[in-house]
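As structure tokens, the structure follows; a few thoughts come after it.
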């Protein structure tokens, strides 16, 4: 690596904790940490890892076991925190829709468990020459990256149905993660196809990471925007009402009481119909008798 390239990478590396501290301060001063506590923890964790890792890197280099363990431990924790931040954004987006929000929480838990199991299986299936911890962390990290890209695409496509403004802080958090995740996945695909050198990959990836932090800083400084007042919420409200009906049905611990009520209503309706038919048939049979008796009475009169 040339001296110019190394200087550029080091400058990008130094600027990251500075920008992250700036975002953390703005998030804290504006009280956004109450709404996004995991996001603030993610930023502070990045700064803490830099404070611990930089002296080890300068003294012993990047090939030492201490730096290796710290680096990959950071990447594993980043993957977990990033997934939790996605959940925070999801909860903020679906805040007015309680049933959808309650449904999304167990879905996120199962998705996280599936990604963890996939990472473990991929790590165990690799050869003994390759480090299983590295492969497990990389698999987990790339899975989270895919979810981050999917989240920002979902917000862009369905924001008008959910009333989400693109000036909201939650949208900005998702946008920053989506930019860095999309760039990283694209660079890894290009590197696997031997279209980009590893040094250029690291440099461009760090530039995209800094750009995502700048996006967070801009959204943290921006004015808090409420949800959009107008929009097409009819379909979303139908989803919310459907899930609310299912939850109210499950509140009885079983579907049997619901079916029993339906059967009782059906039987009561059928019995009412039989009574009406019996009454009508009785009226029809009694009417000729009355007419005949009336006729007989008229004949007997003088």
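The values are calculated or read from the model by the stated rules, or taken from the named source; none is laboratory data. Model, not experiment: these values are computed from the prediction. We place every Cβ from the backbone using ideal geometry, glycine too, and count neighbours over all the protein chains shown.
Please work out which residue is nearest to residue 8 (Cα to Cα), limiting yourself to region 215-224 and to residues that are exposed (fewer than 15 other Cβ atoms within 10 Å of the Cβ) and at pLDDT 85 or above.
218
Determine, yes or no, whether residue 227 is closer than 30 Å to residue 12 by Cβ, assigned by TED's automatic domain parsing to the domain that holds residue 165 and either at pLDDT below 90 or surrounded by 17 or more Cβ atoms within 10 Å (Cβ to Cβ) (or both).
no
Report whether or not residue 217 is closer than 24 Å to residue 30 by Cα and assigned to a helix (DSSP H, G or I).
Yes.
Residues are listed down the side, and each one gets a yes or a no for (1) modelled with pLDDT under 75; (2) under 22 Å from residue 182 (Cβ atoms):
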{"position": "110", "(1), (2)": "no, no"}
{"position": "118", "(1), (2)": "no, yes"}
{"position": "129", "(1), (2)": "yes, no"}
{"position": "139", "(1), (2)": "no, yes"}
{"position": "145", "(1), (2)": "no, yes"}
{"position": "149", "(1), (2)": "no, yes"}
{"position": "156", "(1), (2)": "no, yes"}
